[in-house]
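Participant: Below is a structure I'd like to ask you about.
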Amino acid sequence: MNEALNPVYIIIAILAYFGILMTISRLTGSKGNNLGFYLGNRQSPWFVVAFGMLGASLSGVTFISVPGWVQDTQFSYLQMVLGYVVGYAVIAWVLLPVYYNLKLTSIYTYLEHRFGFFSQKTGAWFFFISRVIGASFRLFIVATVMQVMVFDPLNIPFPVTVLITILLIWIYTNRGGIKTIIWTDVLQTTFMFLSAIVTIVIIYNNMAEDGMWKFVANSEYSRVFFFDDWNSPNHFIKQFFSGMFITIVMTGLDQDMMQKNLSCRNLKEAQKNMLSYGIAFVPVNIMFLTLGVMLYSYAASLGLSIPARGDEIFPLVIAQGELPLFVAIMFILGLVAAAYSSADSALTALTTTFTVDILGFNHNDLNSDKALRTRRWVHIGISALLAVVIIIFQIISDESVISAIFTVAGYTYGPLLGLFAFGLFTKYHPREKWIPYIAIASPIICYILNRYSEVWFNGFQFGFELLIINGALVFIGLAISSMGKK
């Protein structure tokens, strides 16, 4: 057992890290008003936003799960990452101009402009459900690892671990909102990258004789492209287009990610941010997949028992891999950074959506005393909701976290894809009261298709492309509801 995993060391590291976050919160939030909480007064430098968004997008899922995914899927995840790049270009040139032209605080206000009241509420609620689940999954995986490393030895139950984690996030986001998160994301992304790089270099120096890239290329995990089996979820066409549409909906139609883009000074800077961030996603994911190769190869060389769940390989090597104290400390800091990097912005975005779209505060009212009081109570309520959902996941979860997140997104983000696509690419006006029913029916149909696809379609398995089908069903439903309407 690595001595850095002594709970005392971990607690010291967490407290030191949290102290830095609080300092950033104080510096960035001291002069902020309520509009600063939502959009940072539109003064965020684009390059700072781009770097920080990398960490927020990757989060604990990439930090823990993507390296663990290598054993079952090799480097096939890069097929999806290439689709991500195209998706980011679509966001930059199609969606961002719409959002900036309308001067939106919440992107779901667009649906009200285009269709009306019910569509805005539908979009907001689907995002709300999607992001609560997604943020909770991301926090769940990190809280689980922290529970094993720190709180189990101290006989502290999991619910207390979760409450402490959520409380820390609430404290430093309550003051400055998105204005604070733009800068804390930079810190958190830095620690995530340093942790991965340090681990790769140390393991490579301990075991590899060839050059690093040659070592990775010669490993059994290095295959990238899969064209041979159309029925497989790993087929290139499925993964590429799924990656493109996942990016469009989970970034471009997601208040969490778009709120950071909307904090840039103008449209041109927001587009620079999105394109540079999208391109950087490729080498960053290559780094984390390389980390996976190193972790599995090193564990095998030491004769360690390979865990059944890929999420457990990184913590296993840190705990039993005879690595230097410094590596374990960097892992701990990277893990904490991963936990906070996505959860803090999700908490702010959920607060924004609930306040603006669901409760109905418009942009001109957001600086009022009533809006300020409401926002603070909403912030507290959503923090409590995340804690409850994480505890529920701990009771029932039994599948890989990254697969669970994208599976859930395939059902809950699909209606958003259909709504925005219909609004942007047609001039029709559907019967607005039909919209909530169409948005609910589509995920149900997709669930049935996914469950019985192998029986109905000769062994065909849906992958993440189910998101595209979901969006298409909503689009068709909206088109049908427009027929005969003047």
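What follows draws every value from the coordinates through simple rules; no lab data is involved. Since this is a predicted model, take the numbers as computed values, not measurements. Note that we place each Cβ from the backbone using ideal geometry, even for glycine, and neighbour counts take in every protein chain shown.
Participant: Sticking to Cα atoms, compute the Rg of the chain to one decimal and its Dmax as the biggest Cα-Cα distance, whole number, in Å.
Facilitator: Here Rg and the maximum Cα pair distance are 22.1, 72 Å.
Participant: At what distance in nm do the modelled label points of I440 and W93 sit from each other, each positioned 7 Å from its Cα along Cα→Cβ?
Facilitator: About 3.9 nm, to one decimal.
Participant: Considering the Cα trace of the range 176-285, what is its radius of gyration and what is Dmax, both in angstroms?
Facilitator: 18.5, 51
Participant: Expressed as a whole number of Å, what is the distance separating the alpha-carbon centroids of the range 280-346 and the range 108-158?
Facilitator: 23 Å
Participant: Rounded, prolate or oblate: which fits the range 70-145, taking a ≥ b ≥ c as square roots of the Cα gyration tensor eigenvalues, rounded meaning a/c under 1.5, else prolate when a/b beats b/c?
Facilitator: Verdict is oblate for the range 70-145.
Participant: Non-local amide H neighbours of T426 (under 5 Å, H modeled in plane, Pro and chain starts lacking H): which ones?
Facilitator: Excluding prolines and chain starts, which carry no amide H, there are no hits.
Participant: What distance in nm separates the two pseudo spin-label positions at F117 and F47, each 7 Å out from Cα along the beta-carbon direction?
Facilitator: If labels sit at F117 and F47, their model points lie 4.8 nm apart.
Participant: What distance in nm lies between label points placed 7 Å from Cα along the C-beta direction at L449 and F425?
Facilitator: Here the answer is 1.5 nm between the modelled labels.
Participant: How much length would be gained if the chain were fully extended between L316 and M207, taking 0.36 nm per residue of separation minus their Cα-Cα distance, in nm to one decimal?
Facilitator: 37.5 nm
Participant: A further question follows. If packing is taken as the average count of other Cβ atoms within 10 Å, what order do 190-201, 16-27, 63-74 fall into, highest mean first?
Facilitator: So the order, starting with the most tightly packed, is 63-74, 190-201, 16-27.
Participant: Let me ask something else about it. Excluding Q461 itself, calculate the net charge of residues whose Cβ lies under 15 Å from the Cβ of Q461, where each Lys or Arg counts +1 and each Asp or Glu counts -1.
Facilitator: That sum, taken over residues with Cβ under 15 Å, equals -3.
Participant: Once a ≥ b ≥ c are taken as the square roots of the eigenvalues of the Cα gyration tensor of the range 111-243, is the result rounded (a/c under 1.5), prolate (a/b larger than b/c) or oblate (a/b not larger than b/c)?
Facilitator: oblate
Participant: Quick one: which residues, 5+ away or cross-chain, put their amide H under 5 Å from the amide H of S219? H built at 1.01 Å from N.
Facilitator: Amide H neighbours of S219, under 5 Å, 5+ apart: none.
Participant: Tell me the mean residue ellipticity at 222 nm calculated for the chain from its helices only (DSSP H runs of n ≥ 4, each -39500 (n - 2.57), averaged over every residue, nearest 500).
Facilitator: Rounded to the nearest 500, it is -23500 deg cm²/dmol.
Participant: Further, regarding this structure: I want the local charge near F127. Using Cβ-Cβ distances under 9 Å, sum +1 for each Lys or Arg and -1 for each Asp or Glu among the other residues.
Facilitator: -2
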